[in-house]
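Q: Before I ask anything, here is the structure I am working with.
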Amino acid sequence: MAELDPRARDASVVVENVHMSYTVRTSGSGSRRPLDRATRKLLGLGSKERVHALKGVSLVARRGEFVGVIGANGSGKSTLLRLIAGVERPDEGRILARRQPTLLGVNAALQSSLSGAANIRLGCLAMGMSPEQADAAFDEVVELSALGDAVYRPMGSYSSGMGSRLRFAIAVAARPSILLIDEALSTGDATFAERSEQAMSQMLEDAGTVFLVNHAAKVIQDLCTRAVWLHKGEVVMDGEAEHVAEKYRWWAWNLAKGNHETAEKLLTQAVEEGEAESVHVLSTSPMHMEEPRHSSRVRISPRHRSRSVVPEREPIPVRRPTIETDMLPVISENQIVLRPPAEETPVARHAKRR
Ligand SMILES: Nc1ncnc2c1ncn2[C@@H]1O[C@H](COP(=O)(O)OP(=O)(O)OP(=O)(O)O)[C@@H](O)[C@H]1O
């Protein structure tokens, strides 16, 4: 049994045994011929398929942590961020956050027909700022986005990089405690990269938490303090960014070179070495809450669990949280997070073995 974790007070996001699946329509025939596909569609012969995007993901992010989420295409990175943002709710498991997280580009939906300047105001208001705060933040947003005079042009005329920079600058100006970034930082030039790094360092110094999804191990190594490697919806490794990103990079390189056997071995080693964090959230106050919007909906069948790449663990008791905000249940001080003792973390175990 794990010890009580005194650092629970620092937890800003708790992801507890989260499962998420989507139903997708397939043509069902496997045929590549357009006529076949069209005929099957007309006859309504398409079938539905269940895609398990996340399978029992658990982690605790703390104040001041910059967490990189890395993994191959379709491994569940964006799904995890959307769930943490509260944009979607998990089928099973629970997510708690100390404050409402900001998912870059989603919380401030911008209008392409309006100028960048009008969108700054709109975006700041959408992020919860008052009109006075939005006006005061204008110069800072323009500077960080490095748009110059282009800020007075319609946003529809921007390149995708310019749009990403503007969304990032608006999100940072709103001083979120928890910022979730999906790839956006790879679209800027060197000046923007420098400024965005400074802006995020400031956020972390203010005890914020940043999650960054990126395919590039180098970006994760350069920016993050910690990395979570997802593979087919499961946590393969969770630990120090440099170490996890290096393991991921080596695995991805072998896979890209067609060294499937080596890649498979590396993945197995990483799974053995990097057992994911085990998270239990207990509520010590009476269970008087209504069913939260983000609580369990559907149970995943044991059949799907048995195919998992990560060894099975004890089922985690899911109990109701004590407080609820508009989007996600909030972590309260009387909830306790249990996790393995420090010396049992994947990185520590790896170090011991060497
Ligand atoms: N809205 C959706 N509807 C149907 N399937 C979805 C949806 N969102 C995600 N998926 C599926 O869930 C799995 C995980 O997708 P997700 O986008 O989270 O992966 P990712 O790691 O972010 O991928 P990428 O690196 O390509 O962006 C994929 O198989 C994807 O097809």
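Bear in mind that the values in this text are calculations on the coordinates, not laboratory data. Please read these numbers as outputs of a predicted model, since none were measured by experiment. Note that we place each Cβ from the backbone using ideal geometry, even for glycine, and neighbour counts take in every protein chain shown.
Q: Rounded to whole Hz and in sequence order, give me ³J(HN,Hα) for the stretch 265-272 from the Karplus expression 6.51 cos²θ - 1.76 cosθ + 1.60, θ = phi - 60°, writing x for Gly and Pro.
A: Along the stretch 265-272, the couplings run 4, 4, 5, 4, 4, 4, 4, 5 Hz.
Q: If the only charges are +1 at each Lys and Arg Cβ and -1 at each Asp and Glu Cβ, what is the size of the charge dipole of the stretch 111-268 around the Cα centre, to the nearest 20 debye?
A: Charge dipole, the stretch 111-268, about its Cα centre: 480 debye, nearest 20.
Q: A follow-up question, please. I need the phi-derived Karplus couplings for the stretch 206-223: 6.51 cos²θ - 1.76 cosθ + 1.60, θ = phi - 60°, integer Hz, Gly and Pro marked x.
A: Using θ = phi - 60°, the values come out as 7, 6, x, 10, 10, 10, 10, 8, 7, 7, 8, 4, 4, 4, 5, 5, 6, 9 Hz.
Q: Quick check: pseudo-label points 7 Å beyond the Cα along Cα→Cβ at SER157 and ARG50, how many nm apart are they?
A: Here the modelled spin labels are 5.1 nm apart.
Q: Taking the highest mean first, how do the peptides 143-154, 115-126 order by number of other beta carbon atoms within 10 angstrom per residue?
A: Going from most to least packed, we get 115-126, 143-154.
Q: Collect residues whose amide H, placed 1.01 Å from N in the peptide plane, falls under 5 Å from the amide H of LEU180; neighbours closer than 5 in sequence don't count.
A: Here the answer is THR102, LEU103, LEU104, PHE211, since their amide H atoms fall under 5 Å of that of LEU180.
Q: Treating only the Cβ of Lys, Arg, Asp and Glu as charged (+1, +1, -1, -1), what charge dipole size does the stretch 132-186 show about its Cα centre? Round to the nearest 20 debye.
A: Roughly 180 debye for the stretch 132-186.
Q: I've got another one for you. Below 8 Å, C-alpha to C-alpha, sequence gap of six or more: please give me the relative contact order for the stretch 76-221 in percent.
A: On the way: 194 pairs, mean separation 37.3, N = 146.
It rounds to 26 percent for the stretch 76-221.
Q: Mind scanning LYS77/LYS247; LYS48/LYS257; LYS48/LYS247 and naming the pairs with a C-alpha gap bigger than 26 Å?
A: Pairs exceeding the cut-off: LYS48/LYS257; LYS48/LYS247.
Q: When TRP229, TRP253 are ordered from fewest to most other Cβ atoms inside 10 Å of their Cβ, what list results?
A: Least crowded to most crowded, the residues run TRP253, TRP229.
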